[in-house]
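A short worksheet on the structure shown next.
Just so you know, all these numbers are worked out from the coordinates, no wet-lab data involved. This structure is a prediction, so every number in the text was calculated from the model and none was measured. Positions of Cβ are generated from backbone atoms using ideal geometry, with glycine treated the same way; all protein chains shown enter the neighbour counts.
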Amino acid sequence: MKTIKRSTARIAVTLTAIVAVFASCIIGVPLMVALTKAAEASVCGPLPIGGAVPAASGPGFATWDARQVNNAAIIVSVGKQKGVPAWGYVVALGTAMQESTLLNQANDNPRWPQVVALSMALPHEAVGHDHDSVGLFQQRPNEGELGADGWGPVSELMTPSTSARKFYDRLVQVPGWEQMRLTDAAQAVQRSGTPEAYQQWEQQAKDLAAHVLALPNIDVIGGGGPAAPCGPGQFGPVPVGPGGWVQPVDKRLVVGSPYGPRDGRLHAGVDIVGANIRHQPIRAAATGTVITEMCNASTGNCDRDGGLGVIGCGWMIEIRHPGNVATRYCHMAQRPSVRKGQTVTAGTVIGVVGSSGNSSGPHLHYEVHTGIAAGAFPADPSSIDPVPFMAVQGAALTTG
Ligand SMILES: [Zn+2]
């Protein structure tokens, strides 16, 4: 059985390499302290509100028309402008999907003629009623039965950006919302009669959030959990060097631990460190094919920080590039955003920095290997020092 043989060999190679390479991925504490001084606040620019966002369809999510996608873009954009973590975008979208199918809804309930008159006179995309609720989030207005305890005037609740702002304002007041399931966070805000109903939208909300942000996967900005601070603004394209290579992380991050012998073993790559490095994007250093995407940790769990007692690379990616060169990226915070067999171009975001596997703190362990023939995988003997290699490629790593 050819397949079984191949995968058995693969596992043996991987385990040997991992044990040898990652047993000493340690970041010096004094270095980390020094680097903290370089902390720099991220600047989160606003997304355009409205504008031409294409309709979304395809495997994995329902077809949303241009109006619905535009409303989704508004909701995500407001969340980003307010500095809400990306998980909040997913909660907000799932809520609006359940409440209004992402269509700005006027109310036709004869029990509240004032709300009907006000809402029908405003621009709307659908008509319906549940009590006196209006808009994308079906918020109940002051003019309805709730009086001054409502969410605000109908005119505000029928304005998508304003209703989204009001939703986020209440969401971030919910203690622990970032650790809640979508439906629990949504219900804490909405107090719906069917509190579990929001949950069914989680995957679609994630997919649509990624779509309007032009990200491969909302997880790369923390949409699958506690958050990246700045949303997707930092994930724009990066300049590609003349050799077709890019730095795998932001230039402000530096090589804190070099390639070479360490503690009686070969440290087969460099450890790139810096202030606020956790959840920063990791990019494919050059165009190539993903040959490995896996969780490699003796604990079997890469979704939490590892430690020096953990063996393995954590969430990791290996990419084979033209010229029999391969690169390896270790210790990601969550499952990578690309898959084995996928072709990536230089600068594609492949994951975010974390501290999974054998790691004493968030950093990127980055390796370069040469002589990797088709079907082969990186191992210690094929590794080279990434610092001179990257300099020659016109994408020098920042050192010292
Ligand atoms: Zn390392």
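Structure data summary
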| quantity | calculated |
| --- | --- |
| Karplus-derived HN-Hα couplings along the range 170-187 (A = 6.51, B = -1.76, C = 1.60, θ = phi - 60°), whole Hz, x at Gly and Pro | 7, 4, 6, 7, 7, x, x, 4, 5, 9, 7, 4, 3, 5, 6, 5, 5, 5 |
| For His365, residues with placed amide H under 5 Å, excluding near neighbours | Ile272, Cys330 |
| Label point distance in nm, Leu266-Met120, each placed 7 Å from Cα along Cα→Cβ | 7.8 nm |
| Mean-position separation - Cα centroids, the range 288-345 and the range 107-121, in angstrom | 55 Å |
| Ile350 long-range amide H proximity, modeled H, under 5 Å | Ile282, Arg283, Ala284 |
| Karplus-derived 3J(HN,Hα), 6.51/-1.76/1.60, for each residue of the range 158-164, Hz, glycine and proline x | 8, 9, x, 5, 6, 5, 5 |
| Förster radius 60 Å - calculated FRET efficiency between Asp130 and Lys251 (Cβ-Cβ, nearest 0.05) | 0.70 |
| Cα-based reach from Lys82 at 12 Å (exclusive), listing aspartates and glutamates while leaving out same-chain residues under 8 positions away | Asp169 |
| Which listed pairs, of Lys80/Lys166; Lys80/Lys206; Lys80/Lys340, have C-alpha distances above 20 Å, in listed order | Lys80/Lys340 |
| Amide H within-cut-off set for Arg262, under 5 Å, with H built and near neighbours excluded | His267 |
| 3J(HN,Hα) from dihedral phi, the range 71-86, Karplus parametrisation 6.51/-1.76/1.60, rounded to Hz, x for glycine, proline | 5, 4, 4, 5, 4, 5, 4, 5, x, 5, 4, 7, x, 6, x, 4 |
